[in-house]
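The values are calculated or read from the model by the stated rules, or taken from the named source; none is laboratory data. Quantities reported herein were computed from a predicted structural model and do not represent experimental measurements. Cβ atoms come from the backbone with ideal geometry, glycine included; neighbour counts cover every protein chain shown.
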Amino acid sequence: MWFVFALLSAIFAALTSILAKVGIEGVNSNLATAIRTVVVVAMSWGMVFLTNAQNGITEISRKSWMFLILSGLATGASWLCYYKALQIGDASKVVPIDKLSVVITLVLAFVFLHEEFTIKSLVGCILIGIGTLIMVM
């Protein structure tokens with residue numbers, strides 16, 4: 001089931017890029033990010049209440065709170081940078097560079113989470129890097 005959700009995530013991320021590129025025309029990138037964020041917040045809390053998950057908020061540990069907040073800050077910084085890049089650059093060049101996050105994530109998962117980094121992972125990272133360079137040239 002994780003594969004289906006990951007694939008749907010990729011499809012929605014692709015739609016996000018195209019819809020954002022059209023929507024950001026003539027709009028300050030920070031304002032556009034704020035509007036997008038409000039929509040995401042409303043949608044997220046809607047799902048929390050729809051699935052009756054709101055009671056779990058009291059069970060979240062301090063560590064989880066800290067890392068979720070840091071993750072939120074990283075997401076915000078990513079979105080602000082992404083929208084600015086999308087506003088001033090071509091989507092066909094901005095998106096591949098943004099997707100270098102795959103390579104960075106694999107390296108960080110290896111270093112900090114001690115996840116396995118195999119030859120297959122290394123070859124994939126190299127190919128993604130080469131592919132990104134080819135696409136932005």
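General observations
- Single residue of T118, T105, T75 found to be in the same structural domain as R36 (by TED's automatic domain parsing) and among the hydroxyl-bearing types (S, T, Y): T75
- Condition check for A74: under 24 Å from C125 (Cβ atoms) and more than 14 Å from the chain's Cα centre (by Cα): no
- Scanning the stretch 12-67 for residues that are over 20 Å from the mean Cα position of the chain (by Cα) and within 23 Å of A91 (Cβ to Cβ), we see that the one that is surrounded by the most Cβ atoms within 10 Å (Cβ to Cβ) is V27.
- Residue selected from the stretch 98-137 under the condition charged (D, E, K, R) and under 20 Å from W79 (Cα atoms), by the criterion surrounded by the fewest Cβ atoms within 10 Å (Cβ to Cβ): K99
- Residue within the stretch 38-55 that is closer than 30 Å to M137 by Cα, of a type outside the set (D, E) and not assigned by TED's automatic domain parsing to the domain that holds V136 present: no
- Index of the failed condition, K21 passing every other in (1) within 26 Å of F112 (Cα to Cα); (2) among the charged types (D, E, K, R); (3) at pLDDT below 95: (1)
- Flag if N28 is modelled with pLDDT of 95 or more and on the phi < 0 side of the Ramachandran plot: yes
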